[in-house]
Amino acid sequence: MRKSAADPKGVLSGSHFLDGDHALAEGALAAGCRFFAGYPITPSTETAERFAERCPAVGGLFIQMEDEIASVAALIGAAWGGQKVMTVTSGPGFSLMMENIGLAVMTETPMVIANVQRAGPSTGLPTLPAQQDMMQVRWGSQGDYRVIALCPDSPQECFDLAVEAFNLSETYRVPTFIMTDETVGHMHEKVVIPPADQIGVVGRNWYQGPKADYRPYQFTGKDVAPMVKAGDGYRFHITGLTHDERGYPNLTVEQNEKVVTHLIEKIDSNADRIIRLDEDEIEGAEVVVISYGITSRIASRAVQLAREAGIKTGSLRLITIWPFAEKRIAELAGKIKGFVVPEINYGQMVREVERSAAGQCKVVGVGHCGGAVHDPEEILAAIQEAAK
Amino acid sequence: MHEVRFSGFGGQGIVRCALITGKALAMYDDKYATMTQSFGPEARGGACSSQLVVSESRVQYPYVTEPGVLVALSQDAYNKYEPQLRDGGILIYEENLVKPIGDTGRTQVYPAPVTRFAEELGNRLFANLVTLGVFTAITRIVTPDAMKKALPGLVPDRFLPVNIKAFDRGYEYGLELLERHPLARGVAP
Amino acid sequence: MNMNDQTFRVESPMAEFLRMERMPHIWCPGCGIGTVVNSFAEAVKKSNIDMDKLAVVSGIGCTGRVAGYVKLDSLHTTHGRAIPVATGLKLANPELKVVVVSGDGDLFGIGGNHFIHAARRNMDIVVICVNNFTYGMTGGQLTPTTPQTANASTTPYGNYEYPFSLPFLADACGATYVARWTSLHARNITKSIREAFNHKGFSFIEVIAPCTTLYQRRNRLGDGLDALNYYKEEAEVGQEIDTRDVGIDFQSEIRMGRFVKRDKPTYYEAVNERYANVLGDDYQLYGMSKPEREEKARREAEERIRMQALLEEEEARLLAEDIGTDEEGV
């Protein structure tokens, strides 16, 4: 997709000392998001608050909905009303969103949803970090589908990835997630927002053609159909039911196969274009630590200690969580002794690493309960074990 | 690299202390600064702390593990965090609210009547800015100029002049303290 | 497709309004939803509104299928969520007229929370509820409007729950236009829909309608015609009715009419007013300046007046015709 410069109106160019939550809102505004529907929940509320404060002067609208179900529903309406849309939440709210995330997936409605993860299950530890929703984001709504999920490790990356999430969401007409956590959400660091003309923004791919020929869907498994907005005379229809290119219900197994394989393939076949990784000293490494989000920054200390102890340790940070970087990991698995996978849960992404490594090397998970980050020593011990 | 912890009870502006200092460092002193906070769900009362990691290069590990500087504005905070202060570290505390448990000479201590100074300026709410003045003078981790530049947006506009006054009051007092008890190695750990 | 089908699709008076390629619809013989769709189409035609600027949002269920049949921008959403989707659609593109058409179970069971909040906000949408007292698509279960003692598949010994009285609920929540009719009163439904189109704010129209396959049969109430006879006998139009007095018991009297019509700034107007007050000329929602907003509001107000005049003129004509017929009949 072609990028153009951001609308300067939404871009707060310059240096700021911001937390991740605020940076998410700035990223959304820079990306051209002008509609935000949300429901307050710790530790994500600051994003909604910032959007609410900033949007009137930027030409955007914020609405506090009655719950997170309604929030995502409103995003679907607003996206087909022509806006770029976003919401933000955490654990319990994320669970409520699952229903309409499914509708967004099925209707191929672009939207960005940030989950500032906190420790669960249920209400859990509302003010403390976790990475326990990594599989929920992938599988949480019913049925077979794919989504895109990104994982920032700093306020700066909250800004950068918010822009990227909108770009991906528009390109593939798919709900795109920013899976951050309480620590990054509330951590303050310098955030540099570039001038608007240096921020590449993917605009909506508007349909241009005869009205009668408009089809909201094309099931190619590669590209997605252009969109229109309500009020422009296309008289489009969308439904959560299995549908044909016109968006009309077609309740057959054959059509369901067409739709579902398209939803899957439009992401899988473009995985190489979507996936971004941050690799460090991978060449010649014996052990590679795979981590994401806040845990990457904890792991960096363990990696440094391991290197000081003479273990050739590489680091692979997953910026894109879904689609999963299975090709790269399979490739590395044949060259190293083992992967170490620390995460603030008891084994979610490590399963993907195991699946991708397919027995070629050791995979040592370092689970951790929600509410706190790892002690780098735990990760170091795992690196030492993997290096044996 | 410096690790700094501000601590006290909720409502004393502890989080704001780290925010102002972090912003000053990151935006006006050309340093890398990462600020984290931890407190319970309650917004007022209870022990509260905020942390800053300051570095010449990008901060990877964001947490304070062995702080070289501890600012304690309450007894609870002192009791909880003093043992984590590294040997030779700097302890700045509110002398009317904290009673240190003996001076073993393990750390370098700087008591300051920050609340009283704040009250003299009209409101005890300015105690955090007095504290930051003392902190800036003693540790020299951040420049006073940067600190003042960082204030707009983090204190209400109408209270900006009095907050600057509070900072200056603390800064002067910090210099006096430093003159009496220079830092052991001349720089903050 | 045979020739008759084709002719039907092209020549049907509804061809302009319905997606004829989707006919036949799924509704049962005697079902009241079709009447509501007809009245809706009639209202659209008569009010002469721009169909390109009219969008329909439905939830799930028999009535939820309306969105799929109307030849308009239409969104068939998840169960109970039509109203928040409509809210997003309206706010993202305020020039649209957004109409929610859904059933009692969808709007007031699973979607009840959304209804009360959209009414509270005076969100500028029209909500038409086809109330047949049951979940038709899933086989005749209890809904929040099923009268006491009525039989449903999940109250096989008769209903013991207290039902909602929908106009009372809507009124209490802040709806600024509230009306109720039965599916026998097609002309009144049409008129109400036209009034709702002209009304600024949250408009709610309840249409009591038969579910012949499930509710009627399960309660031994006969077929669609029997239902219409019941409405004819028991439905009463009243003036100045208090919404506290319009509850419906099993096969009881049904009080109908326009119960509420009041002026109150809509959500969108309230947003604009608040921000314009605070931010002045800096406030430009979706890039629209204050003069542009005022111009738009002025145009819309004129349009409402024009449509209201049209409506009243036609009502007067119909009334005259009715009287004429009666006189001749006598």
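The values are calculated or read from the model by the stated rules, or taken from the named source; none is laboratory data. All of these numbers come straight from a predicted model, not from anything done at the bench. Positions of Cβ are generated from backbone atoms using ideal geometry, with glycine treated the same way; all protein chains shown enter the neighbour counts.
Data table
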item	result
Residue list for region C:283-314, filter: within 14 Å of another protein chain (Cβ to nearest Cβ), farther than 20 Å from C:Lys90 by Cβ and in a helix (DSSP H, G or I)	C:Lys290
The lone exception for A:Ser122 - which of (1) surrounded by 22 or more Cβ atoms within 10 Å (Cβ to Cβ); (2) over 18 Å from A:Asp21 (Cα atoms); (3) more than 10 Å from every other protein chain (Cβ to nearest Cβ) it fails	(1)
Test: residue in region C:293-304 that is farther than 30 Å from A:Phe62 by Cα, under 21 Å from the mean Cα position of the chain (by Cα) and surrounded by fewer than 17 Cβ atoms within 10 Å (Cβ to Cβ)	no
Residues of region A:161-188 that turn out to be under 12 Å from the mean Cα position of the chain (by Cα), farther than 17 Å from A:Pro43 by Cβ and outside any strand (DSSP E or B), as a count	9
Count - residues of region A:212-232 that are more than 21 Å from C:Ala82 (Cα to Cα) and not charged (D, E, K, R)	10
Residue that is more than 23 Å from the chain's Cα centre (by Cα), more than 12 Å from chain C (Cβ to nearest Cβ) and part of a loop (DSSP other than H, G, I, E, B), where the choices are A:Gln218, A:Gln255	A:Gln218
C:Gly222, sole failed condition from (1) assigned to a loop (DSSP other than H, G, I, E, B); (2) within 30 Å of C:Leu91 (Cα to Cα)	(2)
Any hit, region A:368-381, residues being assigned to a strand (DSSP E or B) and farther than 23 Å from A:Leu128 by Cβ	no
Of the criteria (1) modelled with pLDDT of 95 or more; (2) surrounded by fewer than 20 Cβ atoms within 10 Å (Cβ to Cβ); (3) not charged (D, E, K, R), which one A:Thr127 fails	(1)
Verdict on C:Ala276 being facing chain A (nearest Cβ under 10 Å), part of a helix (DSSP H, G or I) and either surrounded by 12 or more Cβ atoms within 10 Å (Cβ to Cβ) or touching a Gly at 6+ places or on another chain (Cβ under 8 Å) (or both)	yes
Given (1) surrounded by fewer than 20 Cβ atoms within 10 Å (Cβ to Cβ); (2) away from chain C (no Cβ under 14 Å); (3) assigned to a loop (DSSP other than H, G, I, E, B), number of the condition A:Gly233 does not satisfy	(2)
Residues satisfying the stated conditions in region B:126-164, i.e. out of contact with any Ser or Thr (no Cβ under 7 Å at 6 or more places or on another chain), crowded, with 17+ Cβ neighbours inside 10 Å and not hydrophobic (A, V, I, L, M, F, W, C)	B:Asn128, B:Thr131, B:Gly133, B:Thr136, B:Thr139, B:Lys148, B:Asn163
Per-region count, region C:248-267, residues in contact (Cβ under 8 Å) with a residue 40 or more places away in the chain and in contact with a strand residue (DSSP E or B) (Cβ under 9 Å, 6 or more places away or on another chain)	11
Elements of type strands (runs of 3 or more DSSP E) contained in region C:53-132, each with 2 or more residues being of a type outside the set (Asp, Glu) and facing another protein chain (nearest Cβ under 9 Å)	C:54-58, C:73-76
Unmet requirement for B:Arg58, which otherwise passes all of (1) away from chain A (no Cβ under 14 Å); (2) closer than 24 Å to A:Pro155 by Cβ; (3) among the basic types (Lys, Arg)	(1)
Where a residue in region A:324-343 is under 8 Å from A:Cys361 (Cα atoms) and its partner, wherever it lies, is among the polar types (S, T, N, Q) and part of a loop (DSSP other than H, G, I, E, B), with Cβ under 7 Å and at least six apart	A:Ala333/A:Gln360; A:Gly334/A:Gln360
Test for A:Arg297: is it touching a residue at least 60 places away in the same chain (Cβ under 8 Å) and charged (D, E, K, R)	yes
Residue within region C:14-21 that is part of a helix (DSSP H, G or I), modelled with pLDDT under 95 and in the same structural domain as C:Phe202 (by TED's automatic domain parsing) present	yes
Test: residue in region A:307-318 that is part of a helix (DSSP H, G or I), more than 14 Å from chain B (Cβ to nearest Cβ), closer than 26 Å to A:Glu377 by Cβ and of a type in the set (A, V, I, L, M, F, W, C)	no
So C:Ile193, is it in a helix (DSSP H, G or I) and in contact with a strand residue (DSSP E or B) (Cβ under 9 Å, 6 or more places away or on another chain)	yes
Residue within region A:141-148 that is surrounded by 23 or more Cβ atoms within 10 Å (Cβ to Cβ) and either over 15 Å from the mean Cα position of the chain (by Cα) or farther than 22 Å from A:Gly240 by Cα (or both) present	no
Per-region count, region A:266-295, residues out of contact with any Lys or Arg (no Cβ under 7 Å at 6 or more places or on another chain) and on the phi < 0 side of the Ramachandran plot	16
Residue in region A:284-295 that is surrounded by 16 or more Cβ atoms within 10 Å (Cβ to Cβ), part of a helix (DSSP H, G or I) and within 14 Å of chain B (Cβ to nearest Cβ) present	yes
Hits in region A:350-373 - residues which are of a type outside the set (Val, Ile, Thr) and out of contact with any Gly (no Cβ under 9 Å at 6 or more places or on another chain)	A:Glu352, A:Arg355, A:Ser356, A:Ala358, A:Gly359, A:His368, A:Cys369, A:Ala372
Residue that is on the phi > 0 side of the Ramachandran plot, assigned by TED's automatic domain parsing to the domain that holds C:Met51, buried (at least 20 other Cβ atoms within 10 Å of the Cβ) and modelled with pLDDT of 95 or more, where the choices are C:Gly222, C:Gly158, C:Gly174, C:Gly140	C:Gly140
Long-range neighbours under 6 Å by Cβ, at least six apart or interchain, first residue assigned by TED's automatic domain parsing to the domain that holds C:Ala209 and basic (Lys, Arg) within region C:22-44, second surrounded by 18 or more Cβ atoms within 10 Å (Cβ to Cβ) and not in a loop (DSSP other than H, G, I, E, B)	C:Arg22/C:Tyr69
Residues within region C:11-57 that are under 21 Å from A:Gly233 (Cβ atoms) and out of contact with any Lys or Arg (no Cβ under 8 Å at 6 or more places or on another chain), tallied	10
Elements of type strands (runs of 3 or more DSSP E) contained in region A:1-107, each with 1 or more residues being within 11 Å of another protein chain (Cβ to nearest Cβ) and touching an Asp or Glu at 6+ places or on another chain (Cβ under 9 Å)	A:14-19, A:61-64, A:85-89
